[in-house]
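Nothing in this text is a laboratory measurement; each read-out follows from the coordinates by a stated rule. Source: prediction; values computed, not measured. Using ideal geometry, Cβ is built from the backbone for each residue, glycine included, and neighbour counts are taken over all protein chains shown.
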Amino acid sequence: MSHHHVRRRPLVPLSLLALVLALVAIFSGSTPPCIAQMGFEDEPINYGTVEVNDPIAKLQAAMDSGEFELPFDDKHGYLPALLDKLNVSLSSQILVFSKTSFQLRRINPHRPRAVYFSDNVYLGWVQDGDVVEIMSVDPHLGTVFYSIEQEEVAHPRFVRDRGQCLTCHASSRTHGVPAPLVRSVFPDRGGQPILGSGTFTINHTSPLKQRWGGYYVTGTHGDQRHMGNEVVANKSDPEALDVESGANVTDLSSRINLAPYLEPYSDIVALMVLEHQAGMQSLITRAAYEARSAIWYDSVMNKALDRPTDYISDTTKRRIDSAVDDLVKYLLFSGETRLTSPIKGVSGFAEDFTARGPRDTKGRSLRDFDLKQRMFQYPCSYMIYSSAFVNLPSVVSDSVYRQLWDVLSGKNRDPAYAHLTPGDRTAILEILRETKDDLPEYWAKGR
């Protein structure tokens, strides 16, 4: 009997085949969207099991090693020490009276929750609350959720959330990834959202008239109106919110007892920055997750189909391009709501925020506010300096920088960027050239 030498394709292990079939089902859309959406718990993201490296994880390590002790305050527990150690400005205080926290039983219009934030950490404090709630941004995972018990102990520990926060903070409102979320609601007299009337996920594209329902707002905004500072008097007509008496409020002392709070404000500029930042963080995380998931999927398929290991499918390119397109548009404030009156805060937040720089040799910074017609003087997000942005997969950052260059150099004339004047484009380009050290070479050479 003769032997024919036939080159056989290696058999695909059953486990790999099963994985391929599962991936095909997920990415072809034949399974419910929630399965694909929540895929970050599995390979390659491993959200719940991989080691984290966010500000809270670093602080816990410092506390465990004895390098730092977390002082306890009789009135506010661990909050003041956390704000100090994490370099979070007191002027960032925002007071939220809607029952939209898991400590909702302790929150109402007379006892709002206080929220403080910086570029990469968010803290929530409730009067007589059991815990301080914390969101902390990991450079690779995005937002990680923690709490710390408000009880004085020798070795305090941050406890990582195991899914409770993700119900809201990893939903369609956050592009399906773990991220901060700012919602505006129609609150009743007890602070309960009247969900039948709808809620708004707010960012810099939201009309002011839809913003800040369930929040206290201090600052002036001229003839513009918002939903803050008021509750719904008649549940059968929630949209008849008294926006006039909630407008241009600079002092909250007649509305709530301010004594328990670290600051007497809930600053309008801090609110605007928070909602922009929440949207930016979710899009950065989404782009990172999409790229890592798609490339990993390709690697599995390449192995199964005997393709080159570095082969990138058209589907993967489309997924990454779509995420990058959304990211760049938001980064450059496409669709931002135009202001019709100047905005002015009262807490000093604007000054504290602007002072954080960095600045170019002309003294310009992406943190410089406009607050007359738009939010920032140079409409490119300061989040471009964040650790989450800097640590984007190279396939994403390469694409982002190419798109940014095309817009800022005037090559890309997409109507989505029509709000950027030639002066805006030049200023942003010059600021980034001087303050970002990871720009591609062609940015310097001008090609």
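Key figures
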{"read-out": "Shape category assigned to the range 170-222 from the gyration tensor of Cα positions, a/c cut at 1.5", "value": "oblate"}
{"read-out": "Exceeding the 26 Å Cα-Cα cut-off - candidates Lys329/Lys372; Lys303/Lys436; Lys99/Lys235", "value": "Lys303/Lys436"}
{"read-out": "Alpha carbon Rg of the range 329-400, scaled by the compact-globule rule 2.2 N^0.38 Å", "value": "1.25"}
{"read-out": "Helical segments meeting 18 Å axial Cα length and Kyte-Doolittle 1.0 threshold in the chain (DSSP H)", "value": "14-28"}
{"read-out": "Relative contact order [Cα under 8 Å, 6+ residues apart], the chain, whole percent", "value": "14"}
{"read-out": "Built amide H within the under 5 Å cut-off of Phe369, gap 5+", "value": "Gln377"}
{"read-out": "The range 282-445: C-alpha gyration tensor shape, a/c 1.5 cut-off, then a/b vs b/c", "value": "prolate"}
{"read-out": "Inter-centroid distance (Cα atoms) of the range 301-330 relative to the range 202-249, Å", "value": "42"}
{"read-out": "Mean shadow area of the range 125-170 over all directions, Cα convex hull, nm²", "value": "4.0"}
{"read-out": "For the range 282-445: relative contact order, % (alpha-carbon pairs under 8 angstrom, 6 or more apart)", "value": "24"}
{"read-out": "Where GluC sites (Glu not before Pro) fall in DSSP loop in the range 219-317, at most 12 other Cβ within 10 Å", "value": "Glu239, Glu244"}
{"read-out": "Radius ratio Rg over Rh of the chain, counting only Cα atoms, Kirkwood formula for Rh", "value": "1.01"}
{"read-out": "The range 97-132 and the range 42-60: distance between their alpha carbon centers, rounded to Å", "value": "24"}
{"read-out": "Whether the range 105-207 is rounded, prolate or oblate, judged on the alpha carbon gyration tensor where a/c under 1.5 counts as rounded", "value": "oblate"}
{"read-out": "Estimated [θ] at 222 nm from DSSP helical runs (n ≥ 4, -39500 (n - 2.57)) normalised by residues in the chain, nearest 500", "value": "-9500 deg cm²/dmol"}
{"read-out": "Net +/- balance of residues flanking Pro238 in space, Cβ distance below 13 Å, scoring K and R +1, D and E -1", "value": "-3"}
{"read-out": "C-alpha center-to-center spacing [the range 142-183, the range 413-440] in angstrom", "value": "34"}
